[in-house]
Structures are given as structure tokens and as C-alpha cells.
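The numbers here are math on the coordinates, done by the rules we state, and not lab data. Please read these numbers as outputs of a predicted model, since none were measured by experiment. Heads up, the Cβs are rebuilt from the backbone with ideal geometry, glycines too, and the neighbour counts pull from every protein chain shown.
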Amino acid sequence: GQQLNQSPQSMFIQEGEDVSMNCTSSSIFNTWLWYKQDPGEGPVLLIALYKAGELTSNGRLTAQFGITRKDSFLNISASIPSDVGIYFCAACKEETSGSRLTFGEGTQLTVNP
Amino acid sequence: DAMVIQNPRYQVTQFGKPVTLSCSQTLNHNVMYWYQQKSSQAPKLLFHYYDKDFNNEADTPDNFQSRRPNTSFCFLDIRSPGLGDAAMYLCATRYISDTQYFGPGTRLTVL
């Protein structure tokens, strides 16, 4: 089945450092999404990408939809302690109904003050 | 203001005792999803409603049922919870784009 390979699985960084994570697939997708999930909470949408090559920023976050439509990356600049959490990529192929999301396995980010 | 609301946030039930989880949305989105998420794993889709049309995933156990009485509300019924059903249950909604918006989740404990 469709799979998203998300890396790294975990990151331990110092406050102020930049972070980069990515997702790759052997399949082509029409939409790439990045979510952040805090413990005990639902995933919160960070950035949505709808067009190949699209580069979008949201504050300190920047994400890109790969030109081949098979990958995406998320960068976080100048990390702060509240960036701690699990980051999931998700991608979608439009289907006849439902627009099911395929998820990456998540990147656990730890930020040391 | 909360747009996808899940109640309760924490639910404790006994082995085999039916339980219902609730999701409501103020977005007027026509598609609603139920996911199961176990610790640190990605969410796993159980089923979704496209308007009133119910779509079950092939590997969703029969123990899980859902109801959508109107656009705003969707319920997850677990008929006979087992210990393996302890998880976070997430509701999500979608409208035109592929973007799904998640609620805060309900943490289910089975004793």
C-alpha cells in the first residue's frame, strides 16, 4: 500500500537551532500536509501544500511540496521549547470519495532550553 | 473558538461495556472521519461519512460502529470494548480541499 517515509524518527536539539524533517514516497500525491501533535491532544494543522513546487511559510515554519509530487519537507527556524511535540506529514490522493490521508510515522522533536 | 469538539476528553469504561464517543463541528464540513491512534503512532482511519454516505475501512473491526444524525454531529460506538481498544480516538472534518481538521481527541481507557 501507499507509505510515507518520514525522517528522522526523533530529534534532540538545543533551543535556537534550526530543524529539518522530510517525507518521501514512491507514489504521487496531490496534497501534502504537516501537523503537530502535543501529548494528549489532536493533531494541529501547521501548513497545507496543494501545488508541486509550492513553498509556504507560517511564522518560523517553512514547508515545500516537492516538484516530483513524491516528497515534502518542513523546516523550523530558531526552535523554542514549545516546539516540542510529534510532527506528522500526511498526503492525499484524490479518490472517488473521502480523500483519505496517508500519514508518515512522525518525528518526535525535543528542544533543550 | 473550537471548531471540532470532542466529548468527553477522557472516557473510562469497563471491558465489554458499550461506550459512545461524540464529535461535533461548527465548520459545516460535509465529510467527517473517525481515527484510532495508539501511543506515538500515526492515526489509523476507522471510517468516514461523506455527507450521509458511510464508508467503512476494510480492516475496521465490527465492534466499531458510527452514526451521523446530522451535518454537525458524528458518534463512534464501541459495542464491546476490549483492552486492545484503549487508545486516543480522533475526529476530523473536511470540506472542499483535502485538508482535514482534527478535534482534540478522546482518550479511552478500558478497565
**Asked** Considering the dipole of the protein assembly as shown built from charges on the beta carbon (Lys and Arg +1, Asp and Glu -1) around the Cα centre, which of B:90, B:76, A:82 is farthest to its positive end?
**Response** B:76
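For the range B:7-63, which chymotrypsin sites (Phe, Trp or Tyr not before Pro) pass both filters: DSSP loop (anything but H, G, I, E, B) and at most 13 other C-beta atoms within 10 Å? Please report the intermediate quantities before stating the final value.
On the way: sites: B:10, B:15, B:33, B:34, B:35, B:47, B:49, B:50, B:54; in loops: B:15.
Those satisfying the criteria are B:15.
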**Asked** Going by Cβ distance under 4.7 Å, what cysteines of chain A have no possible disulfide partner?
**Response** A:92
**Asked** Taking the Cα atoms of the protein assembly as shown alone, what are Rg (to one decimal) and Dmax (as a whole number) in Å?
**Response** 17.5, 50
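Which three numbers, in whole Å and largest first, are the semi-axes of the equivalent ellipsoid of chain B derived from its Cα gyration tensor as √(5λ)? Can you show the working numbers first?
Values: eigenvalues 96, 41, 34 Å².
Value: 22, 14, 13 Å, ordered largest first.
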**Prompt:** Would you list B:3, B:88, A:11 from fewest to most Cβ contacts within 10 Å?
**Reply:** B:3, A:11, B:88
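How fast does chain A diffuse by Stokes-Einstein, in µm²/s, taking the Kirkwood radius from C-alpha pairs at 20 °C and 1.002 mPa s? All intermediate terms of the calculation are to be shown ahead of the outcome.
Values: Rh = 14.1 Å.
Result for D is 152 µm²/s.
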**Prompt:** Using the 10 angstrom Cβ neighbour count as an exposure proxy, how do A:12, B:75, B:64 rank, fewest first?
**Reply:** A:12, B:75, B:64
**Message:** With a 10 Å cut-off between alpha carbons and a GNM built on chain A, which of A:52, A:91, A:78 moves the most?
**Reply:** A:78
**Packing-based exposure ordering (other Cβ within 10 Å, fewest first) of A:36, B:38, A:70** = B:38, A:70, A:36
